[in-house]
Amino acid sequence: MRVTTLDIGFVPLVDAAPLIVAQEMGFAAEEGISLALRRAPSWSSARDALTFGQVNAAHMLAPVPVAMALGLGGVGGARVDVISVLSVNGTVVGINTELAARMHAAGYPFDFADATAAGRALITAVEGPLRIGVPFPFSMHAELVFYWLSSLGYPSPQSLIVRTVPPSLMADAIRAGEIDAFCVGEPWGSKVVESGTGQLLLPGAAIWAHAPEKVLAVRGDWASSEPELSGRLIRAVWRAGRWLDDAGGRSLAAELLARPEYLDINSELIERAMSGHLTISANGETRAVDRFIGFHDGAVSFPWRSQAAWIGGQIAARTGLERGRAMRDAAEVFRSDLHRGALASTGGDLPAASLRVEGALDTDERVPSQRGGDVKLCRDAFFDGARFDPKFT
Amino acid sequence: MDYEIHVVAERSSLARQIVQVKPDLVLVDVADPSRDIIEELTLASGPLERPVALFVDRSDAGLSTAAIEAGLSAYVVDGLTASRVRPVLDAAIARFHLMQRMRAELDETKRALEDRKVIDRAKGLLMRVRGITEDEAYALLRKTAMDQNKRLADVAGALVTAAKLLG
């Protein structure tokens with residue numbers, strides 16, 4: 001098989017792991033492709049490199065292709081499709097040391113688990129409007145923060161100011177007093193802890209147990225004109241995700257990711273997210289989180305159209321777009337059909353449905369699969385018990 | 001057409017400075033992560049009252065691609081027309097190419113200087129330990145590098161590190 005090189009954009013984060021592992025551990029080579037991984041300095045540059053054809057595919061925040069489908073952000077008219085979900089969760093919410101001190105004084109235990117208690121303690125401790133830094137206007141970080149605090153009755157947008165701060169500059173923004181709190185992907189939250197300017201409050205998974213975080217995005221026209229190549233890419237990345245979720249793969253992955261050409265950061269910081277053992281404060285207090293970040297287990301890679309619809313609905317509610325139409329347009333870009341087609345030739349089974357009620361699983365459950373058997377799905381509850389039924393067709 | 005140019009160096013206050021300066025056109029180095037901060041301003045809810053948009057010249061797709069390849073993004077405030085943006089962007093692209101060349105040359109010079117330093121130290125070590133002349137020490141390093149198919153500076157670096165470890 002002749003090896004085809006695909007140019008892939010990525011942003012230096014732990015959740016770029018499936019792409020890096022696919023290339024480094026030979027899963028790409030097995031499919032006759034080689035991934036030329038290009039590090040992007042910002043999400044907007046990764047998005048533009050994709051739409052202008054400088055890369056074939058990109059590591060992308062799940063809400064970005066949805067926002068583009070709604071005509072928000074980026075070059076107007078460009079369509080970007082999601083062919084796989086690369087990761088669920090893997091983000092952290094943190095606060096500056098001043099807020100942390102106030103919450104400690106009020107007796108908050110920092111259990112790093114209960115989003116209701118954490119949110120109430122935070123709202124009590126805040127004086128004036130709360131300024132939260134997120135990496136991008138269209139990001140699961142922004143969605144989780146809005147969802148969490150609004151659900152607890154914190155008035156948004158009057159008292160909640162969500163600002164864009166690039167992950168690598170989060171620690172600087174906290175130090176400069178530009179923001180009071182943040183929601184960011186690892187290892188940048190741990191980096192804030194190391195810098196002594198902030199403390200971690202919650203893993204993103206405590207707000208939504210199965211939040212689609214990063215996706216593999218391609219141009220819509222590329223997906224249609226290169227079904228064979230995109231299939232190879234989907235399979236290579238799917239196998240990399242499986243390897244990552246098998247015991248033992250993650251320590252090695254942390255070493256790979258730490259290299260100068262990828263994250264260029266101490267592997268110990270990456271290991272925290274990979275193992276789910278996070279250091280939450282400069283005093284070295286640690287917390288263990290089950291499923292801090294997921295790459296495979298529970299059909300992680302499957303782009304549920306209902307996930308896109310949820311994101312589309314949230315963005316529409318905030319930007320004043322018509323909600324039903326936004327949900328429909330959003331669901332179109334999560335290509336569960338292409339994902340299914342690509343994995344048909346592998347041993348991997350997928351759910352029979354492409355839409356589901358998001359937030360309905362309080363525990364792991366087995367559901368009917370497309371091959372007539374069943375397939376495991378992981379708990380996907382929202383912290384407030386809400387369910388999202390994507391009734392838009 | 002006259003231009004007034006503001007350079008924003010302090011990234012953490014970028015959004016605030018843009019609001020204060022009220023620019024017509026914002027040029028951003030694509031390599032800088034703070035570009036995403038400006039992206040926020042392109043949304044209606046941003047702190048700028050005037051609309052900001054990523055500049056894409058539809059009459060000439062080549063210009064936008066050239067800008068991106070040069071490592072530059074332009075954000076236009078309040079729908080500045082392509083004909084007004086074009087000369088600014090052309091000049092900026094040329095300038096970015098020049099800067100890139102200068103950066104590459106500077107990196108190369110820095111590296112050459114580092115190489116020189118480590119080779120000199122390795123030569124000094126060999127002269128002292130083996131009692132040979134400077135020319136002989138250099139010849140020995142060169143031959144070793146050729147035999148091992150390595151860069152001279154890498155062989156010299158390995159020697160200096162080993163000498164440090166051995167005390």
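Tabulated results
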quantity	calculated
All positions within the range A:346-359 that are part of a loop (DSSP other than H, G, I, E, B) and in contact (Cβ under 8 Å) with a residue 24 or more places away in the chain	A:346, A:348, A:349, A:350, A:354, A:355, A:356, A:357, A:359
Among the candidates A:291, A:250, A:272, residue that is among the basic types (Lys, Arg), on the phi > 0 side of the Ramachandran plot, open to solvent by 10 Å² or more (accessible area, probe 1.4 Å) and not in a strand (DSSP E or B)	A:291
Search result, residues across the range A:360-379 that are free of Cβ contacts under 8 Å to residues at least 24 places away in the same chain and under 19 Å from residue A:340 (Cβ atoms)	A:366, A:367, A:368, A:369, A:371, A:372, A:374
Selection within the range A:108-136 - assigned to a loop (DSSP other than H, G, I, E, B) and under 22 Å from residue A:44 (Cα atoms)	A:135, A:136
Single condition residue A:384 does not satisfy, out of (1) among the charged types (D, E, K, R); (2) in contact (Cβ under 8 Å) with a residue 40 or more places away in the chain; (3) touching a Gly at 6+ places or on another chain (Cβ under 7 Å)	(3)
Members of the range A:126-136 that are more than 14 Å from chain B (Cβ to nearest Cβ) and open to solvent by 40 Å² or more (accessible area, probe 1.4 Å)	A:127, A:128
Filter result for residue A:384 (at pLDDT 95 or above, open to solvent by 10 Å² or more (accessible area, probe 1.4 Å), among the charged types (D, E, K, R) and out of contact with any strand residue (DSSP E or B) (no Cβ under 9 Å at 6 or more places or on another chain))	yes
Failed criterion for residue A:229 (all others in (1) surrounded by fewer than 21 Cβ atoms within 10 Å (Cβ to Cβ); (2) under 27 Å from residue A:298 (Cβ atoms); (3) of a type outside the set (Gly, Ala, Ser) hold)	(2)
Some residue of the range A:61-70 being more than 14 Å from every other protein chain (Cβ to nearest Cβ) and under 27 Å from residue A:269 (Cβ atoms)	yes
Qualifying position, being out of contact with any His (no Cβ under 8 Å at 6 or more places or on another chain) and open to solvent by less than 20 Å² (accessible area, probe 1.4 Å), among A:19, A:70, A:50	A:50
Total residues in the range A:18-55, condition aliphatic (A, V, I, L, M) and within 12 Å of chain B (Cβ to nearest Cβ)	5
Any chance residue A:281 is outside the structural domain of residue A:101 (by TED's automatic domain parsing), open to solvent by less than 40 Å² (accessible area, probe 1.4 Å) and not in a strand (DSSP E or B)	no
Exclusive hit being crowded, with 16+ Cβ neighbours inside 10 Å, closer than 28 Å to residue A:246 by Cα and over 20 Å from the mean Cα position of the chain (by Cα), set A:60, A:25	A:25
In the range A:361-378, residue nearest to residue A:230 (Cα to Cα) [restricted to those that are surrounded by 17 or more Cβ atoms within 10 Å (Cβ to Cβ) and under 22 Å from the mean Cα position of the chain (by Cα)]	A:377
Any hit, the range A:1-17, residues being in contact with an Asp or Glu (Cβ under 6 Å, 6 or more places away or on another chain), within 14 Å of another protein chain (Cβ to nearest Cβ) and not polar (S, T, N, Q)	no
Positions within the range B:140-155 being of a type in the set (Asp, Glu) and open to solvent by 100 Å² or more (accessible area, probe 1.4 Å), in sequence order	B:147
Within the range A:2-16, tally of residues that are outside any strand (DSSP E or B) and open to solvent by 20 Å² or more (accessible area, probe 1.4 Å)	3
Pair list, Cβ < 8 Å and 6+ apart or interchain, from the range B:24-37 residues that are within 19 Å of residue A:50 (Cβ to Cβ) and touching a residue at least 24 places away in the same chain (Cβ under 8 Å) to residues that are in a strand (DSSP E or B) and open to solvent by 20 Å² or more (accessible area, probe 1.4 Å)	B:35/B:29
Qualifying residue in the range A:295-309 (condition: within 26 Å of residue A:146 (Cβ to Cβ), open to solvent by 30 Å² or more (accessible area, probe 1.4 Å) and either touching a residue at least 24 places away in the same chain (Cβ under 8 Å) or among the acidic types (Asp, Glu) (or both))	yes
Tabulated pairs, the range A:42-59, first assigned by TED's automatic domain parsing to the domain that holds residue A:166, second at pLDDT below 90 and open to solvent by 10 Å² or more (accessible area, probe 1.4 Å), C-beta under 7 angstrom, 6+ apart or interchain	none
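Yes/no per residue for (1) of a type in the set (Ser, Thr, Tyr); (2) in contact with a Lys or Arg (Cβ under 7 Å, 6 or more places away or on another chain):
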| site | (1), (2) |
| --- | --- |
| A:240 | no, no |
| A:245 | no, no |
| A:275 | yes, yes |
| A:278 | no, yes |
| A:302 | no, no |
| A:323 | no, no |
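The values are calculated or read from the model by the stated rules, or taken from the named source; none is laboratory data. Being a predicted model, the structure only gives us computed values, none of them experimental. Neighbour counts are summed over all protein chains in view; Cβ atoms, including those assigned to glycine, are modelled from backbone coordinates with ideal geometry. In case anyone asks, the SASA skips ligands and DNA or RNA and just uses the protein heavy atoms, side chains included. Shrake-Rupley method; radii C 1.70, N 1.55, O 1.52, S 1.80 Å.
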